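The values are calculated or read from the model by the stated rules, or taken from the named source; none is laboratory data. All values derive from a computational prediction rather than experimental measurement. Here the Cβ positions follow ideal geometry from the backbone for every residue, glycine too, while neighbour counts run over all protein chains shown.
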Amino acid sequence: MENNHISGAEALLKSLICEGVDTIFGYPGGQIISVYDKLYDYTDQLHHILVRHEQGAIHAAQGYARTTGRPGVVIVTSGPGATNVITGLADALMDNTPIVVISGQVASDFLGTDAFQEADVVAMTQQATKWAIQIRRPEEIPAAVARAFYIASTGRPGPVVLDIAKDAQVGMMDWSHERCRAIRSYDPCPKINPQDIDEVAQLLETAKKPMIIAGHGVMIANAEKSLLEVAEKGNIPVATTLLGLSTIPSDHPLNKGMVGMHGNLGPNSASLEADLIIGVGLRFDDRVVGDFNAYAPNARIVHVDIESAELNRNIKTFKAIHADADDFFKALSEKIKPTNNPEWLAKFDTRDKFETEKVINPILKPAEGPLHMGEVIRAVADAAPKNAICVTDVGQNQMFAARYFRYHADKSFLSSGGLGTMGFGLPAAMGAKIGAPDRTVCLFVGDGGLQMTIQELGTIMAYNIGVKIILLNNDYLGNVRQWQELFFNSRFSQTPLVNPDFNKIAEAYGIRTGKVTRREDLADAIADMLSDDKAYLLNAAIGSDEMIFPMIAAGTSYEKIMISKNENYFPLK
Amino acid sequence: MTDNNPIKLYTLCLYSENTVGLVSRVSVIFTRRCVNIESISVGACSIEGVTKWVITAKTSRRAMEKIAAQVERCIDVLKVFVFDDEEIIYQEVAIYKVATAPLLKEHKIEEIIRKHSARILDITDEYTVIEKTGHYSETEALLATLKPYGLKQFERSGRVIVTKSTQEAVTEFLEIQSQRLANNTTNS
Ligand SMILES: Cc1ncc(C[n+]2csc(CCOP(=O)(O)OP(=O)(O)O)c2C)c(N)n1
Ligand SMILES: [Mg+2]
């Protein structure tokens with residue numbers, strides 16, 4: 001018979017297994033060593049990825065969670081182990097990613113004594129988590145784990161922290177486990193009110209200039225299908241936020257592009273003219289809205305979000321609907337009637353044509369000059385399988401990837417949106433590949449950001465993680481450089497980078513590499529990269545002075561959109 | 001904007017589970033929005049196992065409602081309400097410690113106690129302890145009266161409130177939740 005009297009450490013692992021966990025990202029240390037000791041007996045059920053830095057663990061877990069929809073699990077030791085994951089917690093909180101972090105903690109008797117490697121992890125992580133709790137007794141572990149997974153994965157997902165004192169890991173307890181099904185203070189499943197749906201259907205019937213904006217919430221709710229159904233049934237143009245990319249295929253005629261600071265002219269201009277905006281699963285943050293007082297002056301805004309606190313938080317809405325995105329679209333598709341606003345739809349296309357001519361074609365079909373980020377990205381997208389996942393780091397590489405990759409399959413865009421964490425890309429791509437081993441994972445990363453978590457090449461080597469790393473190497477902190485050129489008189493303060501030979505670094509880790517500087521070599525280089533399913537680093541030399549447009553200067557309205565350094569587009573003129 | 005959304009004292013009434021660590025989670029939400037907490041009182045309410053908090057702050061109703069929404073997101077916070085003074089019955093307790101001799105010399109003590117509806121808790125040769133329950137302006141008035149006599153110590157509590165509804169404001173919410181838990185309608 002199975003022995004039911006087990007240690008807290010073993011109870012932790014068994015609880016994880018009960019929650020369906022099979023992959024863990026982590027790093028051992030003194031105050032978590034008992035858990036790692038027990039893990040030695042559970043390697044057949046729990047696949048542990050030993051990262052090279054705890055920040056790598058949590059970003060990998062984020063990549064894993066966002067491609068699988070299941071919580072990413074991280075185990076770290078106390079003190080520095082735990083503080084090293086805080087950036088990832090803040091990132092996961094902003095981008096609504098289900099993460100369960102388990103940190104070791106000094107024994108209860110030593111708490112508050114500044115013991116070796118003691119840090120007040122619960123206090124430090126409270127503002128970066130959905131829930132954080134310290135566990136001091138072994139018998140508390142199974143219920144806390146159950147609660148952690150429930151909270152992390154339901155409603156608006158987010159990170160949670162279980163800080164487990166050493167004595168709770170070592171102490172013995174009688175094993176039993178029950179999954180958490182509900183919490184009194186927390187109702188993650190708001191019910192749709194049919195009247196709200198009727199009202200939205202009504203608004204759509206009378207609207208002349210409607211637009212749907214799909215945010216990350218649509219992806220999290222797996223509402224891609226129902227979104228498309230509503231859009232097609234109603235013949236309504238759809239825009240997405242950055243993290244909403246891939247909720248509607250790039251080549252769908254109703255996909256009118258991305259909103260926000262570097263979004264497309266069509267939907268950004270449309271926000272000034274629309275009479276009805278249905279925003280689903282987005283926060284309407286400053287990067288999307290620009291100037292809070294000048295946003296969508298003519299529109300009634302219907303805002304749908306699973307988090308009631310987001311409603312009427314940043315912008316005033318005409319109708320706030322507290323609901324799951326998929327529930328909302330499904331209910332709406334039953335009620336919706338086809339709209340017929342050909343002139344409105346044509347406006348998007350006119351602006352799209354203008355943007356293509358002025359901004360996109362010069363990048364995709366340049367006559368001469370150094371490689372552009374956009375053309376490298378598009379060439380990769382065209383050569384990669386249709387269900388490839390685009391992962392980005394932060395900076396120009398991120399915005400170019402967002403704009404120039406092509407999305408054909410659900411959940412194919414992965415980026416640090418809310419926090420904009422440089423160094424996110426490489427570990428996130430690793431986690432994505434582990435979560436979706438059958439898909440090609442293409443990471444677009446800058447020379448700055450790659451060096452923030454470059455140590456994870458070691459993890460990629462150790463576990464043969466087949467990530468395609470496309471380094472958009474401009475020898476600059478390009479995004480900051482762009483702001484300096486545009487708004488700070490080209491005073492390039494601390495933005496030029498003295499870079500190492502990235503190919504040599506990757507090769508030292510046994511990763512195959514390529515280099516491309518000339519346009520005519522690009523296709524072959526990419527073909528070589530995609531010729532197998534192993535890790536690869538393609539070092540693409542990009543012009544240092546490249547800038548990303550269109551751009552709406554931070555905090556300004558959409559009435560003036562920069563389309564090049566010296567040229568503006570005025571949607572209303 | 002300030003016209004229909006004036007800055008005044010608002011009361012945030014929060015019902016929660018009795019769990020550790022909530023105080024800091026909640027107080028930071030005020031700090032983040034640059035709103036100063038004027039008073040706070042945490043304790044039992046008429047429902048067993050439910051903790052009631054009363055927090056006052058000077059701000060606009062809109063700002064306070066945004067804070068309330070953020071607070072309500074915290075796991076283990078059950079329900080949050082925002083009230084202005086017209087919507088609640090509220091009191092604060094103040095305790096004053098005054099030198100006894102000057103009070104006796106002027107034979108004012110009884111008059112003061114009567115006029116302010118206060119109570120004497122303790123008298124020694126050295127000091128007199130007076131208690132007054134009331135609104136801020138009332139405890140403040142007594143404070144002003146007593147100051148000339150040599151105030152030795154003073155403290156005023158946070159606000160305690162009841163609403164004008166018959167039950168605790170959270171009662172209906174709890175009924176809905178217990179139904180939800182019973183039906184186990186949540187997916188996991
Ligand atoms: C951790 C972190 N530090 C600083 C920043 C500010 N920042 C945003 S973009 C950027 C430049 C990124 O340079 P690089 O990685 O080379 O990408 P590029 O813009 O050149 O494509 C910086 C410094 C950030 N987002 N994250
Ligand atoms: Mg760069």
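Go through the stretch B:75-116 and give me each residue that's farther than 20 Å from B:Ser39 by Cβ and within 14 Å of chain A (Cβ to nearest Cβ).
B:Ile75, B:Asp76, B:Leu78, B:Lys79
Which of the residues belonging to the stretch A:130-152 are under 22 Å from A:Gly69 (Cβ atoms), of a type outside the set (Lys, Arg), buried (at least 22 other Cβ atoms within 10 Å of the Cβ) and within 10 Å of chain B (Cβ to nearest Cβ)?
Passing the criteria: A:Trp131, A:Phe149, A:Tyr150, A:Ile151.
If you take the residues in the stretch A:186-206 that are surrounded by fewer than 18 Cβ atoms within 10 Å (Cβ to Cβ) and either outside any helix (DSSP H, G or I) or on the phi > 0 side of the Ramachandran plot (or both), which one is nearest to the other protein chains (Cβ to nearest Cβ)?
For the stretch A:186-206, the residue satisfying everything is A:Cys189.
Would you tally the residues in the stretch B:134-185 being β-branched (Val, Ile, Thr), surrounded by 15 or more Cβ atoms within 10 Å (Cβ to Cβ) and in a loop (DSSP other than H, G, I, E, B)?
Number of matching residues: 1.
When you check A:Val380 against the structure, is it buried (at least 17 other Cβ atoms within 10 Å of the Cβ), of a type in the set (Val, Ile, Thr) and more than 16 Å from ligand 2 (Cβ to nearest atom), yes or no?
Against the criterion (buried (at least 17 other Cβ atoms within 10 Å of the Cβ), of a type in the set (Val, Ile, Thr) and more than 16 Å from ligand 2 (Cβ to nearest atom)), A:Val380 qualifies.
What do you reckon, is A:Gly281 at pLDDT below 95 and crowded, with 18+ Cβ neighbours inside 10 Å?
no
Just a yes or no: is a residue in the stretch A:546-558 within 30 Å of A:Asp352 (Cβ to Cβ), at pLDDT below 95 and touching a Leu at 6+ places or on another chain (Cβ under 6 Å)?
Within the stretch A:546-558, one or more residues are within 30 Å of A:Asp352 (Cβ to Cβ), at pLDDT below 95 and touching a Leu at 6+ places or on another chain (Cβ under 6 Å).
Could you tell me which numbered condition A:Asp447 fails, if it satisfies all but one of (1) within 12 Å of ligand 1 (Cβ to nearest atom); (2) among the charged types (D, E, K, R); (3) touching an Asp or Glu at 6+ places or on another chain (Cβ under 6 Å)?
(3)
All but one of (1) surrounded by fewer than 19 Cβ atoms within 10 Å (Cβ to Cβ); (2) touching a helix residue (DSSP H, G or I) at 6+ places or on another chain (Cβ under 7 Å); (3) among the basic types (Lys, Arg) hold for A:Arg313; state the number of the condition that does not hold.
Among (1) surrounded by fewer than 19 Cβ atoms within 10 Å (Cβ to Cβ); (2) touching a helix residue (DSSP H, G or I) at 6+ places or on another chain (Cβ under 7 Å); (3) among the basic types (Lys, Arg), the lone unmet condition for A:Arg313 is (1).
For the list (1) more than 12 Å from ligand 2 (Cβ to nearest atom); (2) out of contact with any strand residue (DSSP E or B) (no Cβ under 6 Å at 6 or more places or on another chain); (3) not β-branched (Val, Ile, Thr), I need the number of the one condition that A:Cys442 fails.
In the conditions (1) more than 12 Å from ligand 2 (Cβ to nearest atom); (2) out of contact with any strand residue (DSSP E or B) (no Cβ under 6 Å at 6 or more places or on another chain); (3) not β-branched (Val, Ile, Thr), A:Cys442 misses (2) alone.
Which residue, of A:Asp528, A:Asp475, A:Asp521, A:Asp533, is within 16 Å of ligand 1 (Cβ to nearest atom), of a type in the set (D, E, K, R) and more than 14 Å from chain B (Cβ to nearest Cβ)?
Details: A:Asp528 fails: within 16 Å of ligand 1 (Cβ to nearest atom); A:Asp521 fails: within 16 Å of ligand 1 (Cβ to nearest atom); A:Asp533 fails: within 16 Å of ligand 1 (Cβ to nearest atom).
Sole residue among the options that is within 16 Å of ligand 1 (Cβ to nearest atom), of a type in the set (D, E, K, R) and more than 14 Å from chain B (Cβ to nearest Cβ): A:Asp475.
How about the stretch A:461-564: which helices (runs of 4 or more DSSP H) wholly inside it have at least 2 residues that are surrounded by fewer than 17 Cβ atoms within 10 Å (Cβ to Cβ) and in contact (Cβ under 8 Å) with a residue 40 or more places away in the chain?
It comes to A:478-487, A:522-529.
Looking at the stretch A:166-175, can you tell me whether even one residue there is assigned to a strand (DSSP E or B) and in contact with a Ser or Thr (Cβ under 8 Å, 6 or more places away or on another chain)?
Within the stretch A:166-175, one or more residues are assigned to a strand (DSSP E or B) and in contact with a Ser or Thr (Cβ under 8 Å, 6 or more places away or on another chain).
When residues of the stretch B:139-188 are filtered for being over 27 Å from B:Ala44 (Cβ atoms), within 14 Å of chain A (Cβ to nearest Cβ) and in contact (Cβ under 8 Å) with a residue 12 or more places away in the chain, how many remain?
0
Counting only residues that are among the β-branched types (Val, Ile, Thr) and in a helix (DSSP H, G or I), which one in the stretch A:337-368 is nearest to A:Asp275 (Cα to Cα)?
Filtering the stretch A:337-368 for residues that are among the β-branched types (Val, Ile, Thr) and in a helix (DSSP H, G or I), the one nearest to A:Asp275 (Cα to Cα) comes out as A:Thr350.
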